[in-house]
Each structure stands twice: as C-alpha cells, then as structure tokens.
Amino acid sequence: MKLFGADNLARFSGIYVLGLFILIFSLWVPATFLTVTTLKSVLGDQAITLILALGLLVPLAAGQFDLSVAQNLGLAAIVCGALQTRTGLGWPECAAIAIACGALVGAANGGLILFGVDSFIATLGMSSILLAFTTLVSRNEFVGPLSEGFQKAASAEPLGFPIVTLYALLGAAVLWWLLEHTPIGRRTYATGANRDAARLAGVRTARHTFLAMVICGAVAALAGVLVAAKVGQVAPTLGPPYLLPAFAACFLGTTQIKVGRFNVLGTVVAIYLLAVGVKGLQLAGGELWVTEMFNGVALVGAVTVAVFGNKRRNRRLKAETERA
Amino acid sequence: MWAADATAPSATVSLSLEGVSKVFQGQRALDDVDLELRRGEIHALLGPNGSGKSTLIKILAGYHRPEPGWSASMHGRPFELGAPAGAPGAHFIHQDLGLVGDLDVVDNLALDGGYEGSWWLSGRRERRRARAALDAFGIDVAVEEPINGLPRAQQTMIAIARALSAGVGEGALLVLDEPTVALSAAQVRRLFEVVRQVRDAGGTVLWVTHRLGEVFALAERVTVLRDGRRVATVPTGELDHDRLVELIVGRPLDAFYPEPPPVGDAPIALEVRELGGGTVADVSLDVRAGEIVGVTGLVGSGHEDLLHLIFGADRPRRGAVWVDGAPVGRGGPARSIAAGLAFAPADRKRLSAILDWTLAENLTLPAIPSSGPAHWIGARRERAETLAWLERAEVVPPEPEKLFSALSGGNQQKLVLARWLRRRARVFLLEEPTNGVDMGSKQAIYEALSDAAREGAAVLMTSQDPEELCAVCDRVFVLRDGRVGVELERARLSEDRIVAETLRSNGEAEGEGR
C-alpha cells in the first residue's frame, strides 16, 4: 500500500480539505476564526447532528433508510419537556421515557420493514405520524422552561469542553467498535450489502434489520433529549432541520476513510468538515443562506466525485477480472 | 495455419481474424490470435478461464478494441474490428443473456428492433410476434411473465430466440458464449437442433463452451486457446476426449477425476423425508458420511429447488431433514448451518457471496473470528486465518484483501467451498458446483470434495452434466415431476443411463439420447 497513492488520497481527502479550510480561514479572518469561541461553537453546535447521524448510520449500514429520525428527535424533545413541565416526574425518568418512545418508534419502523414495506415509504409515513404526535403533545406551543438540573446535563463544560461533544465522541467510539469491530456489526453490514447472500451464510438478516431500526430510534430520541436540555425551551418545529445534515454527513462519510461504506470515522470527518466550512464562511461575512448552500453543494459534489472514483475502480477491476 | 487451408477456396471462409492481441493493464489477454471460420460450420472455441475466450468474443462484439496489427474480414470483405457495431452480420448470445429482468418476455423480444417503424405500440401485435418467434424454436413460456420469474433455462432459450428472430440466414454468424450452462439435457438437444438449422442454412456458428461432450456432439472443428494464445485448430474427428483435455490443460492428465472414496456402511449423515415445496412434490433420500451423491433431472423436475428446501433457504411445504440423526427444524439457514449443513447455490453472483466485499470478509462471514469480552474482530488475525484457507483451497490470487468480484468463476467457487470447510460442515449441499468453472479449477473442486468426503462429510450435489455425475458420484438420484424417479447405484452409473433416465419423464418419444 502506497501512503500517498490515488486511493489513499481519496480516502483521506476530507482531512486534507479540513486542514485546507482551517488554513484559508486562519489567513482570511484570523481575528475571529482562530479563537476558542469558534472552536467551542464548531464542536458544540455539531454534537447533536453527529449523535443523530451516528444513529442513522446503523440502519443505513443494514441497507435501510430512516427518514423519520429527525421528527423522532423532535418528538422526543417535546415528550421529555412536556413530561417535566406537566407531571411531577424527575428529569432522568422523563428522559428515559422519551428514549423508550423513540425505541418504540424504531420498532414500529422495523416491524413495517419486516412485513415487506419499503423502508423509504414506511419511515416517510412514520415521520408524518410523528409530526402529528408532536403537535398533539406540544399543543403547538413552546414547552418549557425546563429545570436547571436537566439543562446542566447538556450545558456543562468540564475543562472548558462542551459536554455534548464529549457524549457525541464517546458515542462515535462505541459505534465504531460495535459496527466495525464486532461480529454483530459485520453481520449488519452483510445484511445491507447483500441480504440474500448474507442470509444463506447464516446471518439472521431480519433480526439485524429490526435491531438497526430500534437502535436508530432510541439514539434519535436520545439526541432529542439532549437538544431539549441544551436549549431549555422546546419548539414544536425543532426536528425537521436536522434531517438533511444527518443524511448529508452519513453519505459524505461514505466517501471518506472506508470508501463505499457507511462508516463512523468518515461520518465524523464529514460533520466537522461541513461545520468548519460553514463557520468560516459565516465569520467571513457570509449571509444566512450560506449554510444550506454549502451543505448541499458539498454533499452533491463529494458524492459525485466518489461516483467517478467508483466507476474508475470498477473499470480497473473489470479489466483485471477479464484478464484472470 | 494448417495444411488444408491452402487448398480451401476462399469463398467458404466466413470470418477470418489474424493477429488479434489485447493488453489489459500491461498484461496480455490475447496474444497474436488467428481464427478462421467457414460457412456452414459449427466451430467450438475452448479454453480454461483466463485463456482469452471472453476477450476474443468481446472484441468481435465491439466491446473492446484490439491492439494494432490485426486484420479482419467477413466473407472476404474487410471490416473494422472493435468498432461498436461489432462484426457485420454477427449475432451474440452472451453469458449474461442481456435480458431486462423486470420486463416481460414480449417486451424483451420487442426491444431488439421490434419498436422500429411503428408510431403506435400495439400490445397485441407485439405479443403475436413474440409468440411466433418462440414457437419457431419450440419454446413454451407464458409471454406475459417477467423474465425474472422464469428459470434460467427458459431465459437462455428466450435470448436465443431473440438473437435469431431477425432471421439468421446464409452468411450470418451466430456466437454463443457458454449457452448450455443452465440447460437440461432435453433443452440442450433442442438448442443443438436450432444451431444445426443455422449451419444447414449456410450460417456460421461459433460455440464457446467448457463441456467437451458438446464439442464432439456438435462441432466440426475446434479451436483451443490457452494463456491468450491459440494452441490448435483441429477437426473434431481427429480428436478424442483425452487428447482434447490435454490440449486445453497443456499437460497429460492421468487421473482428472479422483477415485471416489469407499463408503461401506458409514452412518447416515443426511436424512431427507417427504420433503415438498416449490417444484419438489415429495422427496425422501439418505446420504451416508463419506458419500458423494448426485441429483439431476429435467428443468422443473425439482432439482433446482431441492437443495434450497433442504437448507431452509426456501420454506418447505412439508417434510423434515435430519443431520447425524438430529432434526434440523425450521429456523432457516442460520439454524441449518448450526446443525452442520453447508450450501453453495448455483447463482454465485447473487447468492453465494457478497461481490464487493473482500475475500477475508466473505470467507469468515458464517463464523466471524472475534476475541475477548469485547468480541473484537482483529484485522491481523482475520487476515492470517484467511490466508491459510486461501492457500489450502488453492484460491488464486491468495490475497485476503482482494474483492470477491475480482476472482474468476472457479476461484469464487473454491472460496465458497473453503468457507464451509472452515466451518467444518457435516453435509455439503452444492448446486451445479462446476458451472462456468475452468478445467484446472474443476479438478481442484473435485479434489476438495473428495477430501471432505474422505474426512467423513456427506456431499449432495446437483448437476446437469452426466459426465461429471458419473465421474464424481457414488450414487445419482434422477428426479421426475418433483419425486425421485430412479436411484442409480455406482455399478449402474453411465452417461447414457443418466441421460436416458432423465429424459424418461417427458415421455419416451423424446428419448433418443445423444
């Protein structure tokens, strides 16, 4: 393996570009970009998206979509907030109930998929149902303010480091181990790569599909609880804006580190690559639409480049096979 | 070139290629190959995988451009080799058939020029035309069926009908790339008839195959390729079976098929009772430890579904399976594997393995090596273990990080076998284990099977190749209409016998043998 061969250059291109971004913005807007505030804001703002993307990674690895993740996050935040303000339950109980609800939503998605409904349709419908529940529970009003003890769980800064970022990175480490270094993860990927072949090799594909949807639901709800704690006052429209960034991170992640597979490290790189780019442009005087434009262009651009790379690799492979 | 050439009038030559070479990534796939086909001739093209057959066909079809230095002519008229239109007047039936799986038979036939010159697409007119094209070759299928829902054999016949529907008359060239891979004996004979019609009408047929029986039954002359070079072009009348194998493999073969190990009174490893489902109505059979048992039959007789049902890949309607005396139950493949069953399906690309995964990942999938309380998969350990198995199974190249899709058919099959040998399976269920596999790999696969049998495993394999069944198996079950028609013991095994018993099911009228 060559260290700087074309393949490795592509695998780590995200990290190179990240370095390039940091360099450019350091030269362009040194006064505002190279500050602790900026670092904290980049790390902290992306923690929730990263946790949601990590949850989403599991069903994607198993070959299923979950379009209901963002609304699941929104519902969990509302449920957690409503329970706290309207009942006498302590915040840990409320959080646990909200996460259990999220897992239940995942189980419902999983059940539909096992029944034979296409995951794209099943979760699209589910996200509409969850939106209805969110409106129902919130009565279309802000829920809050939430207790200080609860808010502390997400806003503490041990050693000046945002604690949600710590949660997210811890979550990334756990998922990296689970997906990429245990038999369960390997079988999940096998389920996503070729369901029939995996089943004939002894993988219980139905079980892995169901489990993936449940994990995704629970993690999305966990992210929702953390958002609620972070903002202290939950808006009924909290969920949907998280959808595109989470999917973008996962798909952009497939162009990094383990090219062609949904993978944890690639997703982490993708999240921070996007965050640094957006932050830098904002500091350099970019307008409001810059964020969405940048996210969209980066996703489409990177995936297009990856498709080109794949085509080239496939051509090479084909030539090799024909020779053999 | 051989001597007869000098005297043959050039009018009888249809396709003539000279000095065709092709280099892929610095490696020579074809090296200065000449090929001359005559009008009214069936010409067989033989050679192990990697010998350049496919490359040559693809150059003819216009998928690849040859290296400079070639010359090509058809009926004496030069043409541009490697141009996208392909050789003039040539019709191709490639291995993957080129049918659109989601469309029905009618649409697939119409795709080949059927839409030209009409403003209004009339479903009835197309159906009528499709029916006529299929009837011309005696193919009996429901034309509204989507291609995916049809057995492979019928798909092949439809592809052939499509290629020929435009009319292959005098001066045409029909190229078939391993067309009989999924066909039953009766369909093979049907195809032979069709191909002979083409020849008798003055056409030329280039027949690419691995099956030697076909060469002698059909071809007037045979060209053998090895390592990208032409080894010989010989009239089949001057050859016998052993001589042809020697030409292909490049060395004399003392024992191509290993001796089956003696079985005696070994305990029963696989017991199948009253199993039914799909095309299987009711099958009961036993396989003893150390035994290699074959299953064959016509298309639709049940042999395509039997192993799927035994393994639990398809849910049986009735019946039960025991391994070493213990019932397997109905937990699907995972349960069957735990009970000691192993399955290598015929559809290698879709079912046997994950194409874009590495050899290591594919090899270890049924039993992933992990260690410690964290169930950690160590890359180094997995690599080392894979390497040992790749070498043991003679997989070429023995590189654990190589993608499965980069292997040749034979090596893919060796890897699938290695996967189950590693799992120490008690019973191997193999569907058409040597389909599309070159001579050298075939031998390695036979040896791996007889090694496994010698160590006490039971092997149950389906095959459409009577020659292979005779050579490898201790017993052969011939299925008819979803039931065991006859069980042939070792002493009664012969190719003719197998063919005759296979054909009996569809009435004696067809059973002329070949």
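For region B:348-359, the candidate set comprises residues that are open to solvent by 10 Å² or more (accessible area, probe 1.4 Å) and either within 14 Å of A:R199 (Cα to Cα) or not in a loop (DSSP other than H, G, I, E, B) (or both); within that set, the residue that is farthest from the other protein chains (Cβ to nearest Cβ) is B:T358. Can you find a residue in region B:180-203 that is modelled with pLDDT of 80 or more and hydroxyl-bearing (S, T, Y)? Within region B:180-203 (the criterion being modelled with pLDDT of 80 or more and hydroxyl-bearing (S, T, Y)), the answer is no, since none of the residues qualifies.
Within region A:178-187, the set of residues being within 21 Å of A:L50 (Cβ to Cβ), more than 7 Å from chain B (Cβ to nearest Cβ) and of a type outside the set (G, A, S) comprises A:L178, A:L179, A:E180. Checked against (1) touching a helix residue (DSSP H, G or I) at 6+ places or on another chain (Cβ under 9 Å); (2) away from chain B (no Cβ under 14 Å); (3) of a type in the set (D, E), A:E141 meets all criteria but (1). Scanning region B:65-81 for residues that are under 28 Å from the mean Cα position of the chain (by Cα) and open to solvent by 30 Å² or more (accessible area, probe 1.4 Å) yields one hit, B:R65. In region B:384-400 there is no residue matching the filter, namely being part of a helix (DSSP H, G or I), within 11 Å of chain A (Cβ to nearest Cβ) and at pLDDT 90 or above. In the set A:V137, A:V214, A:V174, A:V164, only one residue is more than 19 Å from the chain's Cα centre (by Cα), assigned to a helix (DSSP H, G or I) and of a type outside the set (F, W, Y); that residue is A:V137. Residues in region B:446-498 that are among the aromatic types (F, W, Y) and not in a helix (DSSP H, G or I): B:F477 only.
Taking the criterion of being over 29 Å from B:A500 (Cβ atoms), open to solvent by 20 Å² or more (accessible area, probe 1.4 Å) and over 23 Å from the mean Cα position of the chain (by Cα), would at least one residue in region B:426-448 satisfy it? Yes, region B:426-448 contains a residue that is over 29 Å from B:A500 (Cβ atoms), open to solvent by 20 Å² or more (accessible area, probe 1.4 Å) and over 23 Å from the mean Cα position of the chain (by Cα). Just one residue in the set B:L415, B:L421 is within 13 Å of chain A (Cβ to nearest Cβ) and either surrounded by fewer than 24 Cβ atoms within 10 Å (Cβ to Cβ) or not β-branched (V, I, T) (or both); that residue is B:L415. Just give me the residues in region B:231-267 being open to solvent by 60 Å² or more (accessible area, probe 1.4 Å), part of a helix (DSSP H, G or I) and at pLDDT 80 or above, in sequence order. Of everything in region B:231-267, those that are open to solvent by 60 Å² or more (accessible area, probe 1.4 Å), part of a helix (DSSP H, G or I) and at pLDDT 80 or above turn out to be B:G237, B:E238, B:R243. Is it the case that region A:180-187 has a residue that's open to solvent by 30 Å² or more (accessible area, probe 1.4 Å), among the charged types (D, E, K, R) and under 20 Å from A:P92 (Cβ atoms)? No, there is no match, as no residue in region A:180-187 is open to solvent by 30 Å² or more (accessible area, probe 1.4 Å), among the charged types (D, E, K, R) and under 20 Å from A:P92 (Cβ atoms).
Can A:F133 be described as away from chain B (no Cβ under 14 Å), at pLDDT 95 or above and at negative phi?
Values: away from chain B (no Cβ under 14 Å): yes; at pLDDT 95 or above: yes; at negative phi: yes.
Criteria met by A:F133.
For region A:158-168, filtered to residues that are surrounded by fewer than 16 Cβ atoms within 10 Å (Cβ to Cβ) and without any contact (Cβ under 8 Å) to a residue 40 or more places away in the chain, the residue that is nearest to A:C216 (Cα to Cα) is A:P158.
In the condition set (1) surrounded by 15 or more Cβ atoms within 10 Å (Cβ to Cβ); (2) within 8 Å of another protein chain (Cβ to nearest Cβ), B:A374 is compliant with all but (1). Given the criteria within 25 Å of A:L166 (Cα to Cα) and outside any helix (DSSP H, G or I), does A:F251 qualify? Here the answer is no, as A:F251 does not meet what is asked. Among the residues of region A:193-245, those identified as of a type in the set (V, I, T) and open to solvent by less than 20 Å² (accessible area, probe 1.4 Å) are A:V203, A:T205, A:T209, A:V225, A:V227, A:V234.
Within region A:275-293, the set of residues being surrounded by 20 or more Cβ atoms within 10 Å (Cβ to Cβ) and in contact (Cβ under 8 Å) with a residue 40 or more places away in the chain comprises A:A275, A:V276, A:G277, A:K279, A:G280. Helices (runs of 4 or more DSSP H) fully within region A:1-118 that include at least 2 residues being open to solvent by 70 Å² or more (accessible area, probe 1.4 Å) and under 26 Å from A:L131 (Cβ atoms): A:91-115.
Go over the candidates B:G329, B:G319 one by one and state the one that is open to solvent by 20 Å² or more (accessible area, probe 1.4 Å), away from every other protein chain (no Cβ under 13 Å) and either part of a helix (DSSP H, G or I) or free of Cβ contacts under 8 Å to residues at least 12 places away in the same chain (or both). Result: B:G329 is the single residue among B:G329, B:G319 that is open to solvent by 20 Å² or more (accessible area, probe 1.4 Å), away from every other protein chain (no Cβ under 13 Å) and either part of a helix (DSSP H, G or I) or free of Cβ contacts under 8 Å to residues at least 12 places away in the same chain (or both).
Could you tell me whether any residue of region A:185-193 is under 21 Å from B:T358 (Cα atoms) and either aliphatic (A, V, I, L, M) or part of a loop (DSSP other than H, G, I, E, B) (or both)?
Scanning region A:185-193, I find at least one residue that is under 21 Å from B:T358 (Cα atoms) and either aliphatic (A, V, I, L, M) or part of a loop (DSSP other than H, G, I, E, B) (or both), so the answer is yes.
When B:P369, B:P397 are checked against the criterion of being more than 32 Å from the chain's Cα centre (by Cα) and either over 14 Å from A:R186 (Cβ atoms) or surrounded by fewer than 19 Cβ atoms within 10 Å (Cβ to Cβ) (or both), a single residue qualifies: B:P369.
Contact map, region A:188-211: first residue more than 21 Å from A:N263 (Cβ to Cβ) and more than 7 Å from chain B (Cβ to nearest Cβ), second residue open to solvent by 10 Å² or more (accessible area, probe 1.4 Å) and part of a helix (DSSP H, G or I), Cβ cut-off under 7 Å, separation 6 or more or different chains; pairs are A:A206/A:L114; A:F210/A:L114. For region B:30-43, the criterion of being within 14 Å of chain A (Cβ to nearest Cβ) and part of a strand (DSSP E or B) is met by at least one residue.
Scan region A:73-87 and give yes if some residue there is under 15 Å from the mean Cα position of the chain (by Cα) and in contact (Cβ under 8 Å) with a residue 24 or more places away in the chain, otherwise no. There is at least one residue in region A:73-87 that is under 15 Å from the mean Cα position of the chain (by Cα) and in contact (Cβ under 8 Å) with a residue 24 or more places away in the chain. Only one of these is touching an Asp or Glu at 6+ places or on another chain (Cβ under 8 Å) and touching a residue at least 40 places away in the same chain (Cβ under 8 Å): B:E214, B:E145, B:E178. Name it. After ruling out the rest, the residue left standing is B:E145. Only one entry in A:T267, A:T254 is at negative phi, within 14 Å of chain B (Cβ to nearest Cβ) and open to solvent by less than 30 Å² (accessible area, probe 1.4 Å), namely A:T254.
The values are calculated or read from the model by the stated rules, or taken from the named source; none is laboratory data. A quick note: this is a predicted structure, and the numbers were derived from the prediction, not measured. Quick reminder, even Gly has a Cβ in these numbers, built from the backbone with ideal geometry, and neighbours come from all protein chains shown. In case anyone asks, the SASA skips ligands and DNA or RNA and just uses the protein heavy atoms, side chains included. Shrake-Rupley method; radii C 1.70, N 1.55, O 1.52, S 1.80 Å.
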